[in-house]
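Worksheet: one structure, shown below.
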Amino acid sequence: MKLFKTDITKLSDEALMSRLIKSNDSIALAELYQRYGKKLLGYFINMFKGDVALAEDFLQDLFVKLMDKKHLFDTEKKFYTWVFTIASNMCKTHFTKMKLHYGEEEIIEGSKAFNECATNLHNEFDKQVFRLLLKEKIAGLNYEHKVVFVLRYHQTFSLKEIATITETNIGTVKSRLFYATKQMAAELKEFDPKLESKLFKIN
Amino acid sequence: MKKKEALESWITDLIENKDFNELSTLEQNHVLEHITAEDYALERAIIVESKQLFLLADDYEPKQWLNENRSGGFLSATIPLYQALLAIAAVFLLLYIVFPFTRVVTEENGSHLTAQVDTLWLETIRYDTVEVVLEKEVVKEKIVYVSQAAGQVGNKEKPRLFNVPPSNFKPDLNAINFPNKGFSLKDDSMRISLPNVN
């Protein structure tokens, strides 16, 4: 028995994982959930086109996996890149299953419908419509481009961290980011870029 | 190939961080060799708006299914050993203040004596007879006569009527007080005034 109780909130992620590995410390797991639950939920929501229920299921599954595979964690490495790697792999598996079940064309069918909608609304589109279309375009990205895009612009990971999470190199990450943006820009070409100054006032 | 990657990376950095208008003339000219100003603006809009879109997901809170375990409740809460020891010491201190040790010792002695006299066996019972002799009461009466008592003090008291014994003297009423013996009613002149008398 320790004489002084350790303040769990002051421990690093890696120290918490060590406790989890050594003694199945549920308090350590709860603390990790407290720190990363919201971020990971947001990540899943963005990866799954705003499907909150599905994102919550994935978040729960992720922490179950984390308990099952805790022995695979290398305490010398960063916890958050490891946990996001697991999350990204879960998304990858999900997208692969979706492709097998429904085919890629059906997945992006919604995007086509939105393109038509955008054409009809060409004269009166606004920022709200642009956001809706953008959401669809992000959802329509293939997994490799989407995961890089979300990690970069939602979780604000560095290119190096994204490379670690996606198990690629920095060059590939840069390239995927560049082409993901370019692809969406091509699909949203119908929007009048002259309105940029009015609608998309960039900070 | 590396030159192409470097160029893509450079353009991406610019799009992420600056509006087209904020680029220097040199940067603008260099960018325009690879991408139009409209495309640059649209790509930047995509990145900025995507950030805003992604932020919407942060409004959702994860279910607290693990946090409940984290708190644990009062009964399952753990405290450090030193806090437990301090609590015990505080209890003893409080007891000492309320019930000083001296009183505790006295109580121990009393209980010790009680333990020695454990069981009493009463084998013989003696009944004592106590005889009480009561002396007969002697009542002495002293009669003091009034005359004597009065003589003793020198006062001569007159005899009282009720102390005179009754006499046998009977006066002759006919002879003394009533010389005439009277007459009968028929001789009385006043009888006419009486009713029903003939």
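The values are calculated or read from the model by the stated rules, or taken from the named source; none is laboratory data. Keep in mind that this is a model prediction, so the values were computed, not measured. As a convention, Cβ positions derive from the backbone with ideal geometry for all residues, glycine included, and neighbour counts pool all protein chains shown. Please note that ligands, DNA and RNA were not included when accessible areas were found on the heavy atoms of the full protein model with its side chains. Shrake-Rupley method; radii C 1.70, N 1.55, O 1.52, S 1.80 Å.
Structure values in brief
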read-out: Long-range neighbours under 7 Å by Cβ, at least six apart or interchain, first residue more than 7 Å from chain A (Cβ to nearest Cβ) and under 20 Å from residue A:127 (Cα atoms) within region B:28-55, second open to solvent by less than 10 Å² (accessible area, probe 1.4 Å) and modelled with pLDDT of 85 or more; value: B:40/B:15; B:40/B:31
read-out: Members of region A:154-170 found to be assigned to a loop (DSSP other than H, G, I, E, B) and in contact with a Leu (Cβ under 6 Å, 6 or more places away or on another chain), listed by number; value: A:157
read-out: Residue count, region A:141-160 (criterion: more than 12 Å from chain B (Cβ to nearest Cβ) and open to solvent by less than 30 Å² (accessible area, probe 1.4 Å)); value: 2
read-out: Test: residue in region A:29-49 that is at pLDDT below 85, of a type outside the set (Val, Ile, Thr), over 13 Å from the mean Cα position of the chain (by Cα) and farther than 30 Å from residue A:137 by Cα; value: no
read-out: Test set (1) more than 9 Å from chain A (Cβ to nearest Cβ); (2) open to solvent by 90 Å² or more (accessible area, probe 1.4 Å) - residue B:24 fails condition number; value: (2)
